[in-house]
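The values are calculated or read from the model by the stated rules, or taken from the named source; none is laboratory data. Not measured: the values here are computed from a predicted model. When we count neighbours, we look across all protein chains shown, and the Cβ atoms used for this are built from the backbone with ideal geometry, even at glycine.
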């Protein structure tokens, strides 16, 4: 659906440019945009490779596993219906750890694995369980300590202090995660009340 919306916007812009006689500016903007996109992508490769390499070293050194053990009490509180020794809990904790460290490339497959494991524990296969909804909310908000992509973009555009965003990122993601958890609990209670009626 989103592809269709983007196509409509693109075609609408082209049609408007043709009708108003601004096709040259549109062509120039398209070519400049493509060039800037390629330049940005090439420049980000080196910075992202450095950060991802550092994060991979941290992961290989056992930092993700250590964080998973540290987050176990939080996992038990957030996901009371998930057995503490299950594969699902292990994947959830690994996903939370990867997100915390800003390793988005590792967090995504771990989140998918956690969702798959939660589906095996789900008694109603046609409806998302409470744990699945909580995982989606927490993973989307995701507390992040090291925002590697943002730091890389800031470096690319010449920021003198690219890591200045770390503090605000921590605060923003803490608030977002707090709101996500609160809303998850509120909607869960509301849903249970509706089921009883």
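Condition check ((1) farther than 19 Å from residue 131 by Cβ; (2) in contact with a helix residue (DSSP H, G or I) (Cβ under 7 Å, 6 or more places away or on another chain)) across all residues:
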| residue | (1), (2) |
| --- | --- |
| 163 | yes, yes |
| 168 | yes, no |
| 172 | yes, no |
| 177 | no, yes |
| 192 | no, no |
| 196 | yes, no |
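One residue alone among 140, 169, 173 is surrounded by fewer than 16 Cβ atoms within 10 Å (Cβ to Cβ) and either over 17 Å from the mean Cα position of the chain (by Cα) or part of a helix (DSSP H, G or I) (or both), and that residue is 140.
Yes/no per residue for (1) touching a residue at least 40 places away in the same chain (Cβ under 8 Å); (2) closer than 24 Å to residue 65 by Cα:
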site: 93; (1), (2): no, yes
site: 124; (1), (2): no, no
site: 131; (1), (2): yes, yes
site: 155; (1), (2): yes, no
site: 159; (1), (2): no, no
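Residue-level check: of (1) part of a helix (DSSP H, G or I); (2) surrounded by fewer than 16 Cβ atoms within 10 Å (Cβ to Cβ); (3) touching a helix residue (DSSP H, G or I) at 6+ places or on another chain (Cβ under 8 Å), residue 111 misses just (2). Scanning the stretch 144-166 for residues that are closer than 19 Å to residue 96 by Cβ and either over 19 Å from the mean Cα position of the chain (by Cα) or surrounded by 18 or more Cβ atoms within 10 Å (Cβ to Cβ) (or both) yields 144, 146, 147, 148.
Results for (1) out of contact with any helix residue (DSSP H, G or I) (no Cβ under 7 Å at 6 or more places or on another chain); (2) at pLDDT below 85, shown as yes or no for each residue.
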site: 85; (1), (2): yes, yes
site: 106; (1), (2): no, yes
site: 123; (1), (2): yes, no
site: 136; (1), (2): yes, no
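Do we find that residue 98 is more than 14 Å from the chain's Cα centre (by Cα), buried (at least 21 other Cβ atoms within 10 Å of the Cβ) and either in contact (Cβ under 8 Å) with a residue 12 or more places away in the chain or at positive phi (or both) in this structure? The answer is no for residue 98.
Taking the listed residues 40, 19, 9, the one that is without any contact (Cβ under 8 Å) to a residue 40 or more places away in the chain and either touching a strand residue (DSSP E or B) at 6+ places or on another chain (Cβ under 7 Å) or within 29 Å of residue 152 (Cβ to Cβ) (or both) is 9, with no other qualifying. Within the stretch 114-131, can you find the residues that are in a helix (DSSP H, G or I) and crowded, with 18+ Cβ neighbours inside 10 Å? Within the stretch 114-131, 114, 115, 117, 118, 130, 131 meet the criteria.
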